[in-house]
Amino acid sequence: MTYHTSIKQQLEQIQQADQGRLRKKILILGAGMAGLAAGYELAQRGHQVQIFEAERSRLGGRVWTRKFKNGQYGELGAMRIPAAHDYTRHYIKLLNLQLRKFINFNETTYRDFEETICRANVAGQTIGDLFDLSQRDRDAIKQENDLDAIYIRMMEDVWSGLDEADKVQLFGHGPLSANLSQLDTSLLQTLRHSADTEDAVRLIGKVTVLDNYWQRSTLMFLREEIEGAFVGLEEIQGGTDLLPQALANAPLPDGTTLQDHIYFSREVYSIEQGNQGITVTFKQEGKLDTATFSYVLCTIPFSVLRRIDIKGLPNGKKIVDAIQGLGYHSATKVLVNCTKRFWELDQQGAIYGGASLSDSIARMTFYPSDNEKEKNQAISNGPGVLLGSYSWGANARRLGALNPPERGEVVVDKIRRFHPQITDYIDPEEPYASIAWDQHPFAAGAFASPSPIDLQMFFPGASQPAGRLFFAGEHLSPYTTWIQGALWSALQAVMQIVKA
Ligand SMILES: Cc1cc2nc3c(=O)[nH]c(=O)nc-3n(C[C@H](O)[C@H](O)[C@H](O)COP(=O)(O)OP(=O)(O)OC[C@H]3O[C@@H](n4cnc5c(N)ncnc54)[C@H](O)[C@@H]3O)c2cc1C
């Protein structure tokens, strides 16, 4: 069950609304998924688009596949696509990209909590016994053979109090119902309220890694549970960045591609709405320049927009409040490039995909899913990239504070606890690649992550156009933290633009 307008309906409605109207000339700021999707849909309908992108030559924004010289790759940004994400899947299908299963959970991976290391298939007992849990929590873990079972039960308890109308509102941008307003508190508060023991909350925080999100709004996590954000996960074969690249290279009716309309190295400094249109000041080759357009779509994340001057907005205050106040989350990823996939060759339990989890600063270590189906020994004997660490919140900031080689060394040191052999297999030529998204100048954070009240204060105003200045991006959607959010909001903006 989905609680939003499907992409099919949305595209049909755009088509209808656009019929018989004048073609427009639109400047799009940002060549991430939102900017590219909006540009593609507008250009398909004969509108003229130009895209200004701050990066020197890379498009895709927070979709970023890092390729190593040995032919392997890892994802610095988006990596998995849930079954329910119809907007993302629409473009994957349209552009003929191939998907394969993304293994999120795998019984042979490790759990390393409270100084105790075991495989995931026995963690229910081995790790569960270290915590003071009620009998019903122990039963839930035993039944599912998964420590996450307590969290899922609690979230189901919370959402069982919502009716269908609440759920529709949860995926919209209107005012929240009384039921939803009550749940717009921190995740920690909600879990403490419904937990049988304090230790149950500690355990959940560690094994779901949600302790890095304790202060964020419960509504974000309810959305993910209700839509099944971790069900039916798949990944794009060859790397997630094939998606933005394919979108940029797809043919347009006038014989060009979107790529022909992207202007790189144009970092936007200010946006001003005046009588003549919207004037954008940007830096190019060290010099400031300006361009004035009647219609501008801004997909720059609010975390970056915070340092850009925006003037002359008719309903500016609400948007400015959102730009200033919307919470963003931190994430750091550290890739470890290995000469051999030693984890797939483990005689005691080969690991094909999934993640080892720990309470060390590394938190989540993901293994590639690409050899899970074939279990091809030749591939296992060859190189592979571990997502050595995917961390959020304070862990991400602390790891991100180190210089890139040190991040790699710290992560390997933690992984050595359950993979002592790892140091023998790190590629000496190109050992690591990492990104601390907070420090990236054109992201300044990983993704929007609303705190309690943010959804009520900021979203109704921020997603509306300010005159002929339109906004889109994952931060303006009910699917923050996902590509689906960027695409969903892009099509909302396309609808607003064609109607304007
Ligand atoms: C670590 C991480 C893991 C993720 N994992 C997943 C996942 O598994 N699955 C999933 O679906 N999603 C995932 N996401 C989320 C997904 O990547 C984003 O939601 C989506 O890519 C955001 O697209 P966007 O267009 O809104 O923003 P962006 O991708 O940030 O695009 C904005 C663009 O604007 C440009 N820009 C910024 N400032 C300026 C300026 N001043 N002037 C001009 N241009 C500028 C940027 O360079 C960028 O190209 C993840 C994100 C991160 C960071």
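List of remarks:
- Taking the average, over residues, of other Cβ atoms within 10 Å as the packing measure, peptides 372-378, 396-402 rank 396-402, 372-378 from highest down.
- Here the sum of -39500 (n - 2.57) over DSSP H runs of 4 or more residues, divided by the residues of the chain, equals -10000 deg cm²/dmol at 222 nm, to the nearest 500.
- Relative counts (whole %) of C-alpha pair distances in the chain, using bins that are 10 Å wide: 4, 19, 29, 26, 16, 6, 1, 0
- Accessible area of the range 138-273 belonging to carbon and sulfur atoms, whole % at 1.4 Å probe: 48
- Counting only DSSP beta bridges with both residues in the chain, the antiparallel share comes to about 70 percent.
- Inter-part distance, the range 161-206 to the range 86-130, computed on C-alpha centroids, equals 24 Å.
- Principal-axis tilt of helix 218-227 within the chain, Cα atoms, nearest 10 degrees: 90
- With a threshold of 30 Å on the Cα-Cα distance, the over-threshold entries among K24/K318; K93/K167; K69/K287; K93/K311; K142/K340; K340/K373 are K69/K287; K93/K311; K142/K340.
- The range 110-227 - Rg (one decimal) and Dmax (whole number), Cα, Å: 15.3, 46
- Ranked by the mean number of other Cβ atoms within 10 Å per residue, highest first, peptides 438-446, 203-211 order as 203-211, 438-446.
- For the listed peptides 121-134, 32-45, a ranking on the average number of other beta carbons within 10 Å per residue, highest first, reads 32-45, 121-134.
The values are calculated or read from the model by the stated rules, or taken from the named source; none is laboratory data. None of these values were measured; they are calculated from a predicted model. Here Cβ is always computed from backbone atoms with ideal geometry, including for glycine, and neighbour counts include all displayed protein chains. Ligands, DNA and RNA are excluded from the accessible area calculation, which covers all protein heavy atoms including side chains. Shrake-Rupley method; radii C 1.70, N 1.55, O 1.52, S 1.80 Å.
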